[in-house]
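The next block holds one structure in the form of structure tokens; read it before the comments.
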Amino acid sequence: MSGLAKVERDDNANVVKEIEDKIVASKEGFSQMEYESHAIGHERNGSSFGAYFNIVCAIAGTGTLQLPFALSQSGWVGIGLILLSTGISVYTGSLLIKCLYYDRINRLSDYSSIGKAAYGKPGMIFIRVFHYSIQIGSAIVYILITGLNAHQLFEMVGISLDQKVWVLIAGLIVWVPYILLKTLKEVAVLSVIGVLTTLVLVFVAVIVSIIDLPNNLQQTHQTINITGFPIALASICFSFGGNVVYPHVEQVMAKPKSWNKVLTSAMLTIGILYLLVSVSGYYVYGNSTKSPIYDNLPSGPATTLAIIMITIHVLLACPIYLTSFATEIETIFRIDSTYYSKYKEIGLRFALRTGILAAITVTAMFLPYISDFMSLFGALSNTVIVFIAPIVLYWKLFGWRSMSKLELLWCGVILVIAAVGCVLGTKDAITSLIAHIQCGSACEIHVKH
């Protein structure tokens, strides 16, 4: 009887524990499925160095080549904007990760879960729309850039294939690491190579432009250009996009308390790279600076090397966005060893990721005016996800009274900058899209790097 009584007590205890778990999940506003997925967690064995390289690789390539042109739009005051954006990115990235631990009990799984914790299902849907548009949109543009640059590079050596074929080849190349590497911990290996290519790219751009200085002594510069200042502000802000991958980067860190140090180091690295290429490019080419900057550089092996480096970079950065996106989708559909056998989990992951990449590659091949559509999504999504949402969500979860007056003022400055960037970036993208539609195929679509 004592044995039966013990079993009965254990069963009752399990029932009580299950009820308590459901109550906690209900209070937090999550479904039982979502609560269980949070309780499962992920293996934290990724290094801080890996996290650092993932951040730099995901963000640096988006602005390295266009920021010299942004400086020509704003004038030398653009240096201040780059420094300001670096500081903002560190701050909002820190707030975002704090929101994952707002209840001090369970870590939320991703960005959209923060939206749900703060504003319920509408908040989750709102964040998810903008969040996914950045992840998918960045992957589409990166695959397209790779295809376009490969088409240009191989034509130099007499190999001529249709541009769509090169885009398809780019998609196939991305497919290999995307399928083989499960989390951002494994993708960090690619990120290291991606960061090295960025360093080479910046080095080449700086050295070649300085060597070309004697041929550009007639160029003019401005301290501040009021007319181009707002557009430059939008471009600079967008060049620091990429925090959509932060929750998944932090998720696999063995030392999550080091997040702020890792983020600060990564953003300072990016800021320095941006300043090096921007200052040298604008100093040499002045108001005639182009985007991408290698359009200003004299033809030769060094310029070709720069194109190769940015191609490799975006090719390696693409799996970061795709893996971040796939991780969230796999959580939603419970594609995890907890629910499936090892081989079934691998098979489901293979099918899901292959389908995602196939859809993205086909879109990159055939969607017209892709750069304009992605600029439009970027203007809206980057502003909301990178600058506005972390502050608004933090206020909702922790209360704005948890901040000092000085910090609240800083948040106000960030929101104003984000609003200006959003409005002007959206206006610029819509204007360009309308122009391309009106002139049809006669227009040459230029993809910003």
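Every read-out reported here was derived from the displayed coordinates using simple, explicitly stated rules and does not represent laboratory data. None of the values given here were measured: they were computed from a predicted structure. For neighbour counting, all protein chains shown are included, and Cβ atoms are generated from backbone atoms with ideal geometry for every residue, glycine included.
Does anyone have the angle between helix 405-439 and the longest principal axis of the chain? Alpha-carbon axes, 0 to 90°, nearest 10?
60 degrees
Tell me, what HN-Hα J-couplings in whole Hz come from the Karplus equation 6.51 cos²θ - 1.76 cosθ + 1.60 at θ = phi - 60° for each residue of segment 247-252, using x for Gly and Pro?
Once θ is set to phi - 60°, the couplings for segment 247-252 become x, 7, 5, 5, 4, 9 Hz.
Beyond a 32 Å Cα-Cα separation, which of these cross-linked pairs lie in this structure: 257/405; 257/427; 121/427?
From 257/405; 257/427; 121/427, over 32 Å: 257/427.
Quote the FRET efficiency, to the nearest 0.05, computed for residue 221 versus residue 437 with a Förster distance R0 of 41 Å and r equal to the Cβ-Cβ distance.
0.70
Note down the relative contact order for segment 73-164 as a percent, whole number, built from C-alpha pairs under 8 angstrom at least six residues apart.
12 percent
Just name one of 58, 218, 173: the one whose Cα is farthest towards the positive end of the charge dipole of the chain (beta-carbon charges, Lys/Arg +1, Asp/Glu -1).
Farthest towards the positive end: 58.
Starting from segment 330-426, pick out the trypsin sites (Lys or Arg not before Pro) whose DSSP state is loop and whose Cβ has at most 16 other Cβ atoms within 10 Å.
Sites meeting the loop and neighbour criteria: 334.
If I stretch the segment between residue 192 and residue 255 completely, what's the gain in nm (0.36 nm per residue apart, minus their alpha carbon distance), one decimal?
Taking residue 192 through residue 255 to full extension adds about 20.8 nm, to one decimal.
If I model a spin label at residue 154 and residue 358 as a point 7 Å from the Cα along the Cα→Cβ vector, what separation in nanometres do I get?
2.2 nm
Taking a ≥ b ≥ c as the square roots of the Cα gyration tensor eigenvalues, with a/c under 1.5 meaning rounded and otherwise prolate when a/b beats b/c, else oblate, which class fits the chain?
On the way: a/c = 2.17, a/b = 1.61, b/c = 1.35.
Prolate.
Rounded to the nearest 20 debye, what is the charge dipole size of the chain about its Cα centre when +1 sits on each Lys and Arg Cβ and -1 on each Asp and Glu Cβ?
The dipole magnitude comes to about 760 debye.
What pairs in 182/261; 116/164; 185/342; 261/344 have C-alpha atoms more than 30 Å from each other?
Among 182/261; 116/164; 185/342; 261/344, the Cα-Cα distance tops 30 Å for 116/164; 261/344.
Helix 2-28: angle to the longest alpha-carbon principal axis of the chain, degrees 0 to 90, nearest 10?
40 degrees
I want to check the label-to-label distance for residue 83 and residue 163. Put each point 7 Å from Cα in the C-beta direction and report it in nm to one decimal.
4.0 nm
Just check segment 135-271 against the gyration tensor rule for me: Cα atoms, a ≥ b ≥ c as the square roots of the eigenvalues, rounded for a/c under 1.5, and otherwise prolate or oblate depending on whether a/b exceeds b/c.
oblate
Residue-wise, which Karplus ³J(HN,Hα) couplings in Hz belong to segment 103-111, taking 6.51 cos²θ - 1.76 cosθ + 1.60, θ = phi - 60°, and x for glycine or proline?
Working through the residues one at a time gives 8, 6, 10, 10, 7, 5, 7, 7, 4 Hz.
Working from Cα positions, state the angle (0 to 90°, nearest 10) between the long axis of helix 184-211 and the longest principal axis of the chain.
So the inclination is approximately 20 degrees.
How large is the helix-only mean residue ellipticity at 222 nm for the chain, computed as the sum of -39500 (n - 2.57) over DSSP H runs with n ≥ 4, divided by its residue count, in deg cm²/dmol to the nearest 500?
Here the helix-only value at 222 nm equals -25500 deg cm²/dmol.
Roughly speaking, what is the stretch gain from residue 129 to residue 400, that is 0.36 nm per residue apart minus the C-alpha to C-alpha distance, in nm to one decimal?
Here the segment from residue 129 to residue 400 would lengthen by 95.0 nm.
Once fully extended, how much extra length lies between residue 287 and residue 430, figured as 0.36 nm per residue of separation less the alpha-carbon to alpha-carbon distance?
49.0 nm
Any chance you could check the Cα centroid distance between segment 57-74 and segment 148-184 for me, in angstrom?
23 Å
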